[in-house]
1. Given the options Pro91, Pro318, Pro129, which has the most mean-square fluctuation in a GNM of the chain, springs set between C-alpha atoms less than 10 angstrom apart?
2. Provide the gained length on full extension for the span Gln51 to Asp131, in nm with one decimal, where the gain is 0.36 nm per separating residue minus the Cα-Cα distance.
3. Taking the Cα centre of region 200-332 as origin and charging only Cβ (+1 Lys, Arg; -1 Asp, Glu), how large is the dipole, in debye to the nearest 20?
4. Leaving out ligands, DNA and RNA, what percent of the accessible area of the chain is carbon and sulfur, probe 1.4 Å?
5. With N set to the residue count of the chain, report its C-alpha Rg divided by 2.2 N^0.38 Å to two decimal places.
6. Using alpha-carbon pairs under 8 Å, 6+ residues apart, how would you state the relative contact order of region 1-117 in percent?
7. Give me the one-decimal Kirkwood hydrodynamic radius in Å for region 202-258, with the sum taken over alpha-carbon pairs.
8. Quick one: among Asp127, Asp307, Asp58, which has the greatest mean-square fluctuation in a GNM of the chain with alpha-carbon springs under 10 angstrom?
Amino acid sequence: MRRMLVTGGAGFIGANFVHYTVRNHPDYQITVLDALTYAGNRENLNPVADQVTFVHGDICDTDLVDQLVSQADVVVHFAAESHVDNSLHDPEPFIRSNIIGTFRILEAVRRHGSRLHHISTDEVFGDLPLDSDERFTEQTPYDPSSPYSASKASSDMLVRAWVRSYGVAATLSNCANNYGPYQHVEKFIPRQITNVLIGERPKLYGSGQNVREWTHVDDHNAAVHLILERGRIGETYLIGSGDERSNREILELILQLMGQPTDAYDLVPDRPGHDLRYSNDSSKLRNELGWRPQYADLESGLAATIDWYRNNTWWWEPHKRRTEAKYQLLGR
Ligand code: NAD
Ligand code: TDX
């Protein structure tokens, strides 16, 4: 058995990663380290509770991180503050968890020689013009726009420096927008689905023309496993389905799939500094490691996601009111 430490394993992508690993890689013995912030939910791990050891703790806790990393062959680092709107309102937790937290993980990995995979985002590159075929590549210079993306860019830089200066055995990946089950109701797709389910009108920022590249969370996690198995140490891999849609298109699709008129939404004030378009060129991952997205059809992936939220109101209802109260403060 290989021993794997998953940070942030009670969050959206981390929990799906743990489920995916239990299903597809039973040779891993998994420990999750998660601080259970507003975004973490232990119930996300209910389906695999018997197969996973859960530790409630903070990645900034030097001694705890040292102890857990010393017992791990592989560390997969998802833990982070992840929501752009929150970072605009209150950046400090982003600096702490995303930068200091990653530093603590790196120092522990350096001491104990564990293999590290660092999870990051396409947002570190800034944005692309709306009407262009340009894509981010592994060579695109970093140019983050928000406190969130600046903190993730900083964490990536730390990982690269620890590889080069200390020989830490790390890989990095920068994925495009994810969707799927267990995504917090603050994020675009779950916010709109759950608004429809409670009879509230969905909320589209600004003109709704901003473009995102939507990737199913299981496709992201399959890529992470390929990189863990066959990725080259020190290398970065971009991950993305190639399916780009404007926010307006996604919202209209959700409304259509939920049997609502496709204009039944409100336009709300734009996000400050709102990135226009993200698009990842994932050919390195595809050519070197043979990755292909399995959820190639966004419509059916979205329909399954809508069904998941419809069938799991117990999971999101307790968080919905508090989330919308936060948005009301932001005027969005
Ligand atoms: P999330 O907010 O749903 O989950 C984050 C998890 O990290 C939560 O369980 C939270 O409790 C935990 N956490 C936060 N601070 C912590 C700390 N100091 N110590 C321990 N645990 C802590 O986020 P997500 O959407 O699942 O994102 C996971 C990772 O993937 C992040 O690194 C994010 O930057 C990256 N990412 C996300 C997307 C996306 O579309 N959601 C896309 C690309 C990359
Ligand atoms: O109510 C909304 N209305 C709206 O129009 C919300 C919540 C969002 N939006 C827009 C903003 C974005 O253009 O939808 C798009 C997606 O928004 P988010 O779900 O907040 O995602 P984004 O800002 O693109 O960042 C996401 O992808 C990259 C994740 O939250 C990050 O963690 C990841 O790094």
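The values are calculated or read from the model by the stated rules, or taken from the named source; none is laboratory data. Everything quoted here is computed from the prediction, not taken from an experiment. Glycine also receives a Cβ, built like all others from the backbone with ideal geometry; neighbour counts cover every protein chain displayed. When the accessible area is computed, the model is the full protein with side chains, heavy atoms only, and any ligands, DNA or RNA have been set aside. Shrake-Rupley method; radii C 1.70, N 1.55, O 1.52, S 1.80 Å.
1. Its mean-square fluctuation being the largest, the pick is Pro318.
2. Difference between extended and current length: 24.1 nm.
3. My answer is approximately 440 debye.
4. Solvent-exposed carbon and sulfur of the chain make up 47 percent of the total.
5. 0.95
6. With pairs under 8 Å counted, the relative contact order is 30 percent.
7. Taking the inverse mean of 1/r over all distinct Cα pairs, region 202-258 comes out at 13.5 Å.
8. Checking each option, the largest mean-square fluctuation is seen for Asp307.
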